[in-house]
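Below you'll find the structure, written out as structure tokens, and then a few comments.
The values are calculated or read from the model by the stated rules, or taken from the named source; none is laboratory data. Bear in mind the structure is a predicted one, so any value in this text is a computation, not a measurement. Quick reminder, even Gly has a Cβ in these numbers, built from the backbone with ideal geometry, and neighbours come from all protein chains shown.
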Amino acid sequence: MRGGSELRCFEMANAISKYTDHVPVILCEKNLSKGLKEYKNKKVKIIENIFLPDPINLESLYAVDSLLIVNTDCKDFSTLDYWLGKSSRHSITADISKIPQMIFLYNFLVSPSRYLHTVAEQCNDVRIIVTNRKFFNEITKQDRYENVRCFPRMVLESPINTQEISPVKTKSDKVRIGRHSLSSESKFNKENLDLIKMVNKRYKDQVEWDFMGVPGRDKKELSRIDNVTIRKAFSITVPDYLSNIDIFLFFVSWSREEPWSRASGEAIASGCLVLTTNKGGNKDQVIHGNNGYLCEETKDFYKRIVYLMEHKEKIKEMGKNSLLYSRFFSSDYVIEKFIKFIEK
């Protein structure tokens, strides 16, 4: 896969090699996609198929000072059975008592962390990283986490290589609104169409819409609107795309609890203000009325766009605030926090 968890893993490894004296090694359960391999820094080493076909690869697990397990949306990785080869994923037994420290990063779901007490039966140092404050508080408050609540844990943003994203916008006499992501229906609320029509009814000559990555369900109707541009996901580089966007519209489905949006993070780093739903990690990234707006319904998105169209100076003001906050999830800043957390 090449989703947020995988990119987060690679960006962390790249940043460790760039900003610290430590040597990062990416250990993979299976094979990696070609795109991910091209994303990595030359100093980062990759070892694939840790458990299969040759268990000699397990020595790579035992050679680390600290093991960060990133894609923990899967419950298996948080259980002792996985490491003992008793899950459906592999049959190789790993002696995790040989691993000095295991850090479990919950990128999309935090509920699997409640099984970590079984891992702690054999590894003496188990720690938890969550991607937003909501997850952190869930462990604190809910009874089902009682067995792991005492484990060291922290909130750590997904690192963005802000040095590759320019805050300079290309010039335009239009206000440009859009977003990029994979072409998933949950990441593109079908009410985006209603919003576009509402805004166009009032400001069609003043606004342009640009979407990179649109689900097939919506392409046909969007293509009929002449001030809408539709691009295939990642058909141009993210920095190039964001240089032509003023307002980032992260209008995902109402049911989606986005833990921490990498796409919004990149937009913030480019100096975009962000309009998004008032759920999940969006509330950690957008300070309402400061670098964007959190919306409860489609009418809220419309109301905020109307305000910005009537007060265009606010687009630049709030974009500057975004640039300020992007410092706190830049790769160098995030890795500094990470290293301090894992040091004994």
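One residue stands out in region 309-344 among those that are assigned to a helix (DSSP H, G or I) and among the polar types (S, T, N, Q): the one that is farthest from THR162 (Cα to Cα), namely ASN321. When you check LYS34 against the structure, is it more than 28 Å from SER264 (Cα to Cα) and out of contact with any Asp or Glu (no Cβ under 8 Å at 6 or more places or on another chain), yes or no? Judged against the criteria, LYS34 is not a match. Among the residues of region 244-298 satisfying the criterion of being small (Gly, Ala, Ser) and in a helix (DSSP H, G or I), which is nearest to LYS320 (Cα to Cα)? Out of the qualifying residues, it is ALA269. In this structure, is ILE50 assigned by TED's automatic domain parsing to the domain that holds PHE151, in contact with an Asp or Glu (Cβ under 7 Å, 6 or more places away or on another chain), surrounded by 14 or more Cβ atoms within 10 Å (Cβ to Cβ) and among the hydrophobic types (A, V, I, L, M, F, W, C)? For ILE50, the condition - assigned by TED's automatic domain parsing to the domain that holds PHE151, in contact with an Asp or Glu (Cβ under 7 Å, 6 or more places away or on another chain), surrounded by 14 or more Cβ atoms within 10 Å (Cβ to Cβ) and among the hydrophobic types (A, V, I, L, M, F, W, C) - is met. Residues that are within 16 Å of the chain's Cα centre (by Cα) and either small (Gly, Ala, Ser) or farther than 29 Å from GLY265 by Cα (or both) within region 126-158 comprise just one, SER158. Within region 127-150, the only residue that satisfies the criterion of being free of Cβ contacts under 8 Å to residues at least 40 places away in the same chain, in a loop (DSSP other than H, G, I, E, B) and crowded, with 18+ Cβ neighbours inside 10 Å is VAL148. Residues of region 204-225 that are under 26 Å from SER172 (Cα atoms) and assigned to a helix (DSSP H, G or I): LYS204, ASP205, GLN206, LYS219, GLU221, LEU222, SER223.
Kindly evaluate ILE196 against the criterion of being outside any loop (DSSP other than H, G, I, E, B), more than 20 Å from the chain's Cα centre (by Cα), of a type in the set (Val, Ile, Thr) and surrounded by 15 or more Cβ atoms within 10 Å (Cβ to Cβ). Answer is yes for this residue.
When MET12 is tested against the conditions (1) more than 26 Å from VAL130 (Cβ to Cβ); (2) surrounded by 14 or more Cβ atoms within 10 Å (Cβ to Cβ), the lone failure is (1).
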